[in-house]
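Below is one structure; the comments refer to it alone.
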Amino acid sequence: MVSPVQKKAAVEMVVRMGLCKRHRACCTLGLNRSTAYYRRLVSPQKLAQEGLVEEVSRHWPCLGYEKVTAIARREHGEVINRKRVARIRRQRGLMASRGHGGKRRRLRPGLALRQSASRPDEVWSYDFIQDSTVDGGAVRILSIIDEYTRECLLLKAARSFPARRVIDSLEEVMVRSGRKPQYLRSDNGPEFVAKSVRRWLEQAQVGARYIEPGAPWENGHVESFHAQVRLELLDRELFSMCAKSMPPPAITPTSTTSNDRMAAWANSPRHWRRSANFRSGLRPALQFALVIFP
């Protein structure tokens with residue numbers, strides 16, 4: 001179905017090419033002549049807002065209109081309605097390019113529900129994301145999130161992640177944030193079920209909660225976060241490993257190293273908690289702590 005805006009653009013193109021007069025083009029395309037002659041009067045402020053929406057949408061083509069609205073409000077201080085953002089994006093063909101998800105799994109009768117977090121720092125989840133660098137080498141990225149606040153507490157990339165490095169990462173998060181979870185959820189990977197990791201969790205008085213083998217949907221919060229990381233960062237950038245170093249405090253989007261690019265994405269206040277109250281101006285998540293190891 002062709003919208004009036006598209007018909008009007010087609011009429012303008014036909015008239016500009018000199019193929020026929022405007023009234024004949026309107027009759028052929030089924031467009032009212034008053035609509036074709038109408039010129040919308042827009043204030044400079046609204047034009048600037050439309051340009052900003054288009055710029056943000058083209059820079060982040062994977063984001064929907066609600067997140068684009070949040071970026072325009074929080075980062076640029078614009079007062080703009082989310083429905084107007086959706087209308088601008090629809091008129092300019094800037095819809096989000098997110099693929100359709102698979103079928104939602106239904107709980108079988110008699111299957112017990114997993115323990116869900118009811119307060120901050122009750123349940124943390126951690127898991128690995130697999131990726132590769134420009135030279136073809138494999139990279140594993142460890143992420144730790146709070147299931148209740150949906151805050152990412154750590155992103156750390158390395159060529160390999162033995163159990164000792166997993167323990168060091170957990171210690172780093174707890175020391176830096178001054179927080180400790182009551183339970184820690186993960187899958188049954190060898191790095192998480194290692195004796196040294198279990199012994200360390202027992203000494204730290206943190207309960208281990210392992211999901212059922214072959215059931216990644218039981219760790220849905222971290223899987224959803226991984227999908228966001230892959231969509232907004234990993235699928236859009238090429239990375240190379242660098243020496244062990246913390247990212248500098250001031251990072252520009254034009255940097256060329258993997259530290260700069262990943263830290264610039266991680267430190268940007270674009271990762272808000274996705275819930276029913278997303279439009280009410282929730283606080284941004286904690287900034288990611290990112291370190292790249294060789």
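Listed values, structure above:
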read-out: Percent of alpha-carbon pairs separated by more than 21 Å within segment 1-77; value: 50 percent
read-out: Those residues of segment 155-194 whose amide nitrogen sits under 20 Å from the label point placed on residue 132, 7 Å along Cα→Cβ; value: 157-161
read-out: Those aspartates and glutamates that a straight Cα-Cα span of less than 15 Å connects to residue 67, excepting residues fewer than 8 apart in one chain; value: 54, 55, 75, 78, 232
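Coordinate-derived values only; no laboratory data. This one's a predicted model, so the numbers in the text were calculated from it and none came from an experiment. So basically every Cβ, Gly included, is an ideal-geometry build from the backbone, and we count neighbours across all protein chains shown.
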